[in-house]
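So the structure is just underneath, and the comments pick up after that.
The values are calculated or read from the model by the stated rules, or taken from the named source; none is laboratory data. All of these numbers come straight from a predicted model, not from anything done at the bench. No Cβ is skipped: glycine too gets one built from the backbone with ideal geometry, and neighbour counts run over all protein chains shown. Surface areas here come from the heavy atoms of the whole protein model, side chains and all, with no ligands, DNA or RNA. Shrake-Rupley method; radii C 1.70, N 1.55, O 1.52, S 1.80 Å.
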Amino acid sequence: NSVPGDTRHLWTRRRARDGNSGSYKCGEATKRQLTMVNCTKDCERNYFLYLPSVVCSGGAGAGAGGIDTDYNNDTTQVGTLPLVFAVHCLGCTPATMMHWTDVAETYNFVLAIPEGLKNSFNGQHCCGYALEQELDDVGFLQNIIHELDQEFSFLSSNLAYAMGWSNGGYLVSFAARLFQAIAPISGYQVDINVEQPTAVFLHHARDDHNVRIAGCCTNSSMARCCCRLSTFIDTCTSAENKMNEWSSPQINGCESTISSNNSTPEQERQHATPEITIDKPGSVTCYTYPNCKANTTYCIHEHKGHFNQPSFQAAFPMTTEIADFFARHACQSNGGGIWSPKVIVGDDEEPSVSQTASCSCQESRQGIYCRFSAIENNEIDYNDKQSLHATVSAAEQDETESALVIVGLPVLMIAIGMVVYYSFFLRRQRYKGFDKVSTVELRRM
């Protein structure tokens, strides 16, 4: 997306944050070291950072597609980009997630790939050295977010997302409060600790023998899980039951579309039933809860095991769908843009792209993900992680106040009535589900 007009002033207030501009390259993953603050053990950590070509000196399309050019902090047409984490499994390395660099380049994500100590992360109940030593890996992710937010003008701590596989799925679920949306794969059974509704796109295979879809627990009547997962929790929680918890009124506030003469609104809210949004018999079925404050979707895969044969990259079939899930949220969550997903036609042998993914800005918004206000000339950077249609911008408030002073009390009364009406109307809005057209056609598996 190009931004109309001169927008250099958008970055004046944040330009000073950028440093070491000559030491970064776009189009390659750079290993970085981090010293964690408020840390008492194993505080020196590593992660890989990938910058998309759009933030390089030439921007997208420069040279060989803008790839491998120096980072340039003059990113006036970029706006705020999503910061996406890809978290590896127990026994894996960051190399397991390096295919996400291609995703980041396509979607203009900034990608962070944390490195687990002794190939492990502490995800509350999983796994390895990090769990045994009670390392603060949630704090590790939080430190990365803070460091990058302070360092790069095109990032914000309020626009971070995370996907994780296996041990990584446990960690991103446990650290969900740090993110706008998460996509845990083959790892979910942790306590949900979020302060606001948070979008979730969970994936699990029905025949996963490492992390059972019925849950992992000490109950001897349940099938055992790998990696000592069956030794930490007394009660097994299935993937479906965990998603019911995510959809509850206390978390994502999903509301049932089914009502009866005898049901109260509170009873209906407590019995939201997910609807099938993707149905590929023998491959995958995805379910989305209706009328949620944040997208709440899970997919059950057939014959995929732990998504590790022959490799995670080859076995997991919905990487593009997860990227689309994050990008759609970044584009539309603040009411600034309309997301158009990539559309792939044809078959596995001859696929072709008939539509590229993009975020189309409303008239008053600017940037690749429409995160800037053309009226305010600054970043729309709300703290609320849910859809913020009911929030009135400061510019609109100022204009309203000026008009009231000029035209007097009658207009004041009318304006108050309109504000009350629209505030009530917009607060009643709920996410209506994972739109069927928001995901690319699944390839044959």
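Residues in the range 61-82: is at least one of a type outside the set (D, E, K, R), outside any loop (DSSP other than H, G, I, E, B), at pLDDT below 95 and farther than 30 Å from G128 by Cα? Within the range 61-82 (the criterion being of a type outside the set (D, E, K, R), outside any loop (DSSP other than H, G, I, E, B), at pLDDT below 95 and farther than 30 Å from G128 by Cα), the answer is yes, since at least one residue qualifies.
Taking the conditions exactly as written (modelled with pLDDT of 90 or more, within 21 Å of V84 (Cα to Cα) and aromatic (F, W, Y)), does F372 satisfy them or not? Against the criterion (modelled with pLDDT of 90 or more, within 21 Å of V84 (Cα to Cα) and aromatic (F, W, Y)), F372 does not qualify.
Scoring S263 on the criteria (1) farther than 30 Å from D102 by Cβ; (2) open to solvent by less than 40 Å² (accessible area, probe 1.4 Å); (3) at pLDDT 90 or above leaves a single failure, condition (3).
When you scan the range 185-197, how many residues do you find that are open to solvent by less than 30 Å² (accessible area, probe 1.4 Å) and either of a type in the set (S, T, Y) or without any contact (Cβ under 8 Å) to a residue 24 or more places away in the chain (or both)? Of the residues in the range 185-197, 2 are open to solvent by less than 30 Å² (accessible area, probe 1.4 Å) and either of a type in the set (S, T, Y) or without any contact (Cβ under 8 Å) to a residue 24 or more places away in the chain (or both).
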